[in-house]
Amino acid sequence: QVQLVESGGGLVQPGGSLRLSCEASGNIFTINIMGWYRQAPGKHREWVASIDEGGKTIYADSVKGRFTISRDNAKNTVYLQMSSLRPEDTAVYYCNADLTYSTGDYSYTREYDHWGQGTQVTVSS
């Protein structure tokens, strides 16, 4: 069993900063790409940022220059540092991982899209 748990969401004023964390736990064998997505009410879930095993990052144009994704492989954790926040950034933020986990002594399962439950970020004055 593998679980992704997001934390760090909350209420912040426009122009403020917030750092999100997502920790993976369970019978993890390997974690490849990790990323962040967000979903606002009435909108589809959109991709925000991703980071690969070597630390290479990519960002959606809407957050480029304001958000920074990073990871701590020893802690199986990915972070999203958000700065210069705007009301349009308000959403539930989800982390995602491409990972392989153990299902038995000699059994492993690859999941290309393993999701957390999300953490709410609200940007408002």
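The values are calculated or read from the model by the stated rules, or taken from the named source; none is laboratory data. Every value quoted in this text rests on a predicted model; they were computed, and no experiment measured them. Cβ atoms come from the backbone with ideal geometry, glycine included; neighbour counts cover every protein chain shown. Ligands, DNA and RNA are stripped out before the accessible areas are found, and what is left, the full protein with its side chains, is counted by its heavy atoms. Shrake-Rupley method; radii C 1.70, N 1.55, O 1.52, S 1.80 Å.
Before moving on, here are some points about what is shown:
- Filtered by the rule that a residue be assigned to a strand (DSSP E or B) and either open to solvent by less than 20 Å² (accessible area, probe 1.4 Å) or closer than 13 Å to THR122 by Cβ (or both), the stretch 7-18 gives GLY10, LEU11, VAL12, LEU18.
- Note on the stretch 56-69: among residues that are assigned to a loop (DSSP other than H, G, I, E, B) and under 14 Å from the mean Cα position of the chain (by Cα), the one that is surrounded by the fewest Cβ atoms within 10 Å (Cβ to Cβ) is ALA60.
- Screening SER25, SER21 for residues that are in a strand (DSSP E or B), among the polar types (S, T, N, Q) and under 13 Å from the mean Cα position of the chain (by Cα) leaves exactly one candidate, SER21.
- Restricting the stretch 31-41 to residues that are open to solvent by 50 Å² or more (accessible area, probe 1.4 Å) and either over 20 Å from LEU85 (Cβ atoms) or assigned to a strand (DSSP E or B) (or both), the residue that is modelled with the lowest pLDDT: ILE33
- Picking from residues in the stretch 70-97 that are open to solvent by 10 Å² or more (accessible area, probe 1.4 Å) and assigned to a helix (DSSP H, G or I), the one that is farthest from ILE31 (Cα to Cα) is PRO87.
- Considering only residues in the stretch 105-125 that are assigned to a loop (DSSP other than H, G, I, E, B) and in contact (Cβ under 8 Å) with a residue 24 or more places away in the chain, the one that is least open to solvent (accessible area, probe 1.4 Å) turns out to be GLY116.
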